[in-house]
Amino acid sequence: MNMKRLGLLLLMAFALASGTVTEAADQNDRSGSTSGSPAPDTPMKRLTGQLTHIEGWHYTIKDSRGEEVSFGVTSATQNPDQVKEGDHIVAIVGEDRIARVIKNMKKKS
């Protein structure tokens, strides 16, 4: 298989996979679910830290150990517009590294 064909095949596979994730998020929005809770079998991780950078759908926080952690947001993410760079936040992030919920937390003195 030549390189152009392989590249095209990989691009098509990526586009198909991306569309599947988007469709799943859109179906979640249409289902009327307001709980923001993922399916019970989906592993979730709680990330806490200072929001250091927002670029489009990509958010980066610095956790208590000083490590930077990145995740994405989608139209299905709850409260992404209620945080800004510099805020201390909690994000519930799925195995797919997409935040389900973002909450702005006040820094403790």
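Flag not set for S75, criterion: on the phi < 0 side of the Ramachandran plot, touching a strand residue (DSSP E or B) at 6+ places or on another chain (Cβ under 8 Å) and of a type in the set (S, T, N, Q). Within the stretch 63-74, residues that are assigned by TED's automatic domain parsing to the domain that holds E95 and within 14 Å of I89 (Cα to Cα) have Cβ atoms under 6 Å from residues that are among the polar types (S, T, N, Q) and assigned to a loop (DSSP other than H, G, I, E, B) in no pair, counting only partners at least 6 apart in sequence or on another chain. Taken over the stretch 53-72, the criterion of being closer than 15 Å to N104 by Cα and β-branched (V, I, T) is satisfied by I54, T60, I61. Of all residues in the stretch 77-109, those satisfying the criterion of being under 16 Å from G49 (Cα atoms), surrounded by 11 or more Cβ atoms within 10 Å (Cβ to Cβ) and of a type in the set (G, A, S) are A91, A99.
The values are calculated or read from the model by the stated rules, or taken from the named source; none is laboratory data. A quick note: this is a predicted structure, and the numbers were derived from the prediction, not measured. Cβ coordinates were reconstructed from backbone atoms using ideal geometry, including for glycine residues, and neighbour counts include every protein chain displayed.
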